[in-house]
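This report concerns only the one structure given below.
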Amino acid sequence: MSALPYLKFAGPVLDAATIDGVALVLRSGQLTSGPWVKKFESALSAFCAGRPVRVLTSATAAIEVALQLCGIGAGDEVITSAQSFFTVLNMIATVGAKPVFVDCDLVTRNIDLAAVEAAITPRTRAIMPTHWPGSLVDMDALHALARRHRLRVIEDAALVIGSRWNGRNVGAFGDLVTFSFHPNKNMTSIEGGALVVNDDDEAARIEPLRFHGITYLADRTRDVAFPGGKFNLPDVNARIGVAQLARLPEFLAQRRALVDRYCERFASDPGCVLPPRPAGDDGQSWNMWSVLLPLPRMTLARKAFRDALEARGIGTGVSYEALHLCTLGRSYGYKDGDFPVTERIARETVALPLHAAMTVADVDRVCSAVAGIIVPALQ
Ligand SMILES: Cc1ncc(COP(=O)(O)O)c(C=O)c1O
């Protein structure tokens, strides 16, 4: 075992002022959604160039509500990347639609837009791309494609709050955009998510969808016309979110400095496929730094590699398994070999530690450990 402290592969920075702020909320008696939710939504809306934003208990909830806002259900198809988190599959399935997977790019890991176009059928209602850290989906091409085919776009921006496209924040334009504030993301509200919409009408339609389907009547009673969810964010979480959004630029700058160091240290490493290299003020944010291991040339399996890092006190993650090959994905008829790039990433990827509480020395520790495991294992 390592004498050094355990290095998590992801995690938040929570400062004392935020913790004190949470204590004040707890003492205020206003625990569930209240004034801090409104403040968090206003701050996020300002961040998204004034577009309406509503917060929910997770990005998963935001994606489910986004699909419902689009009226997507049984008989509809949603095109998404097979290289993403289970949420996108789960929520498409939850609303009763069919997930239509396509492959992705090996380096950026973003959805292949040519494959999206080829997968469009008369039943297609929406495209749901996941943006990857280090390189956004080509927004101009994505939205032009959606306009051409009259499709909705639900951006899964869980990993990229703070990334910019042509100088504009992700969320500041487009159609529906979802963010996650899980502790592993660029900023956190512990659990939490947000949905950015086009106008006040769409924002108003979120209210019953996130709170039991309830609408309020003039006689101070309530009605329910459809089964709504229960996705309202508590004020305790919103208080944390407000503080985190204010510190987001600082968190992103630290993540970028760490990625610069990873790139420097991995530059001479043989065989790992690396994420896109950051260049100048490229507007990209870095939630994750995951490499593809040269497994075909290694005598170690990925599990053994990860176990060896774990034994040195270094955590790792797998982002992500191939969605079409999980049991639910296969139930739609998908099989091995359908999406070779996604499958290669799923086999070879390892997310190395990256979070704003880390130092450049931590990156050096990881890189030395990685080299110490890979190099002797190369055939
Ligand atoms: C790409 C991606 N999308 C969506 C989600 C779901 O986020 P949440 O945990 O807030 O529901 C995650 C969670 O890790 C994710 O990685």
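The values are calculated or read from the model by the stated rules, or taken from the named source; none is laboratory data. Keep in mind that this is a model prediction, so the values were computed, not measured. All Cβ positions, even for glycine, are placed from backbone atoms using ideal geometry, and neighbour counts span all protein chains on display. Surface accessibility is based on the protein's heavy atoms, side chains included, excluding ligands, DNA and RNA. Shrake-Rupley method; radii C 1.70, N 1.55, O 1.52, S 1.80 Å.
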Legend entry - Any pair with Cβ under 6 angstrom, 6 or more apart, that starts in region 233-247 at a residue that is part of a helix (DSSP H, G or I) and ends at one that is at pLDDT below 95: 235/30
Inset, instruction - Working carefully through the options 101, 40, 9, find the one that is within 16 Å of the ligand (Cβ to nearest atom) and in a loop (DSSP other than H, G, I, E, B). - result: 9
Inset, instruction - Pull up region 280-320, narrow it to residues that are in a loop (DSSP other than H, G, I, E, B), open to solvent by 10 Å² or more (accessible area, probe 1.4 Å) and aliphatic (A, V, I, L, M), then point me to the one that is nearest to residue 139 (Cα to Cα). - result: 288
Legend entry - All positions within region 84-98 that are open to solvent by less than 10 Å² (accessible area, probe 1.4 Å) and within 14 Å of the ligand (Cβ to nearest atom): 84, 88, 89, 92
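Report the residue count in region 43-62 for those that are more than 16 Å from the ligand (Cβ to nearest atom) and either hydroxyl-bearing (Ser, Thr, Tyr) or touching a residue at least 12 places away in the same chain (Cβ under 8 Å) (or both). So that I can check it myself, show each step before the final result.
The initial filter retains those residues of region 43-62 that are more than 16 Å from the ligand (Cβ to nearest atom), namely 43, 45-52.
Those left that are additionally either hydroxyl-bearing (Ser, Thr, Tyr) or touching a residue at least 12 places away in the same chain (Cβ under 8 Å) (or both): 43, 45, 47-49, 51-52.
Going through region 43-62 one residue at a time, the tally reaches 7.
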Inset, instruction - Give me the pairs, please: first residue somewhere in region 175-187 and under 12 Å from residue 248 (Cα atoms), second residue anywhere and near the ligand (Cβ under 7 Å from one of its atoms) and open to solvent by 10 Å² or more (accessible area, probe 1.4 Å), beta-carbon distance under 7 Å, and either six or more positions apart or on two chains. - result: 185/158
Inset, instruction - Would you confirm whether any residue within region 72-83 is hydroxyl-bearing (Ser, Thr, Tyr) and open to solvent by less than 10 Å² (accessible area, probe 1.4 Å)? - result: yes
Inset, instruction - Have a look at 226, 231 and point out the one that is at pLDDT 95 or above, among the aromatic types (Phe, Trp, Tyr) and surrounded by 15 or more Cβ atoms within 10 Å (Cβ to Cβ). - result: 231
Legend entry - Criterion violated by residue 4 - all others in (1) modelled with pLDDT of 95 or more; (2) in a loop (DSSP other than H, G, I, E, B) satisfied: (1)
